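Report on the structure given below.
What follows draws every value from the coordinates through simple rules; no lab data is involved. Computed from a predicted model, the values in this text were never measured in an experiment. Using ideal geometry, Cβ is built from the backbone for each residue, glycine included, and neighbour counts are taken over all protein chains shown.
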Amino acid sequence: MLPLTAISPYIRSPEFVQTEWERYFDDGRALAADKGWKSILFANYAIANPKAAWQWFRQDGFDQIWLDGGLSRTWAVAFAGGKFCVLILRDGC
C-alpha cells in the first residue's frame with residue numbers, strides 16, 4: 001500500500017483494493033484506524049472507489065490530524081478526484 005504514488009493504480013488493481021477494503025477496512029474499520037492511517041487507507045481506496053475517497057477527503061469538518069505526515073489533503077483530493085473525473089467521463093456516473 002505504501003508508498004502511495006501516481007503509479008499505484010498500475011500496481012494495485014481496483015479489484016485487489018476493493019477485496020482488501022472489504023476484508024480489512026469496511027464497516028467502519030477504516031474510520032477506527034489510528035490518526036494518519038485513515039488518510040492512507042482512504043487515499044488507497046481511491047483506486048477502487050474514487051468517488052467515496054474523494055467525498056471522504058472533501059467532507060466538512062475534515063480533521064488535519066487524520067493526515068499521515070507524508071500526505072497532503074491536496075494531493076489526496078487530486079489523486080481521488082482525478083480518478084473520479086475519469087469515471088464521470090467514461091461512465092457518466
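Between GLN64 and GLU22, what is 0.36 nm times their sequence separation minus the Cα-Cα distance? Round to one decimal in nm.
Length gained, GLN64 through GLU22: 12.6 nm.
Using a Cα-Cα cut-off of under 14 Å, which aspartates and glutamates could be cross-linked to LYS38, ignoring same-chain neighbours fewer than 8 residues away?
ASP26, ASP27, ASP63, ASP68
Shape call for the chain from the C-alpha gyration tensor, a ≥ b ≥ c root eigenvalues: rounded (a/c under 1.5), prolate (a/b greater than b/c) or oblate?
Working: a/c = 1.45, a/b = 1.24, b/c = 1.17.
Cα axes put the chain in the rounded bin.
7 Å from Cα along Cα→Cβ at both SER13 and LEU31: what's the point-to-point distance in nm?
Taking the two extended label points, one gets 3.1 nm.
Once the other residues with Cβ under 15 Å from the Cβ of LEU4 are scored (Lys, Arg +1; Asp, Glu -1), what is the net sum?
Net charge in that neighbourhood comes out at +2.
Which value in deg cm²/dmol, rounded to the nearest 500, describes the helix-derived mean residue ellipticity at 222 nm for the chain, given -39,500 (n - 2.57) per DSSP H run of n ≥ 4 and division by the residue count?
Roughly -16000 deg cm²/dmol at 222 nm, from the helical runs in the chain.
Springs between alpha-carbon pairs under 10 angstrom, Gaussian network model over the chain: which of PHE25, PHE42, PHE62 fluctuates most?
Of PHE25, PHE42, PHE62, the most mobile in the Gaussian network model is PHE62.
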